[in-house]
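Accompanying notes for the structure given below.
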Amino acid sequence: MTQTGRYHHGDLHDTLLQEANTLLSEQGVEGLSLRKLAERAGVSRTAPYHHFRDKNALLCALATQAFQQLDEMINRQLHQAGSQEGIQDFVREYLRFATENPEQYELMFGRTIWKSGEPTDELKTIAYRSFRHYAERLATLLAGRLPARTDSLRVAQASWATVHGLCRLLIDGIYVNREDIETVSEQSIALIMAALSQPSA
């Protein structure tokens, strides 16, 4: 039996993604290649190409997987309309996910795929869907609380941009240290909660 023969097709695909995530965390995008992935998974050098056409396809698959985790987080934390605790838990978990998985987060939102690469249709679908779910759930939470003529979509974009900006600062280590994560998280939650508490005009 060949090394590849140890795996069913679906099992090998999952194994390759798991090993690719490990390589990505250890060596970054530059250190990830299909050849290294084959060596890490213990399969022939051609085996990964049956699942990923090239490195761009592999990176898109990793980003897609990360967006699926984000979408699950959104649905889990924000599923209860009117729950401010859901917002608090979501922001904390979002910051934690980004800072514990900086390479994956960079793939999700960085230049490697969206500007320098070629995002797959699957990646674009899950990326847009995850934000749509966030915007829809936030709109439900904000119902009756926003000043007149305020666009809930713009509020969703602004609040997400705030959290995303904090993630970038934390990941890049520009202005804050990792031990400040909880403090920064609490401040970002306070800002969002202040916006949510504004009565309708």
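The values are calculated or read from the model by the stated rules, or taken from the named source; none is laboratory data. Owing to the predicted nature of the structure, the values given are computational and were not obtained by experimental measurement. No Cβ is skipped: glycine too gets one built from the backbone with ideal geometry, and neighbour counts run over all protein chains shown.
Only one of the numbered conditions (1) farther than 27 Å from Gly110 by Cα; (2) surrounded by 14 or more Cβ atoms within 10 Å (Cβ to Cβ); (3) not hydroxyl-bearing (Ser, Thr, Tyr) is not met by Ala148, and that is (2).
For beta carbons closer than 8 Å, sequence separation of 6+ or different chains, a first residue in the stretch 85-112 that is without any contact (Cβ under 8 Å) to a residue 24 or more places away in the chain and assigned by TED's automatic domain parsing to the domain that holds Ser130 and a second that is among the basic types (Lys, Arg) and assigned to a helix (DSSP H, G or I), there are no qualifying pairs.
Select from the stretch 54-82 the residues that are charged (D, E, K, R) and either within 16 Å of the chain's Cα centre (by Cα) or at pLDDT below 90 (or both) and write down the one among them that is farthest from Arg132 (Cα to Cα). If we take residues in the stretch 54-82 being charged (D, E, K, R) and either within 16 Å of the chain's Cα centre (by Cα) or at pLDDT below 90 (or both), then Arg76 is farthest from Arg132 (Cα to Cα). Within the stretch 23-37, is even one residue in the same structural domain as Glu100 (by TED's automatic domain parsing), assigned to a helix (DSSP H, G or I) and touching a Ser or Thr at 6+ places or on another chain (Cβ under 6 Å)? No, the stretch 23-37 has no match at all.
Yes or no, residue by residue, for (1) modelled with pLDDT of 90 or more; (2) aliphatic (A, V, I, L, M):
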position	(1), (2)
Ala127	yes, yes
Tyr134	yes, no
Val155	no, yes
Ile174	no, yes
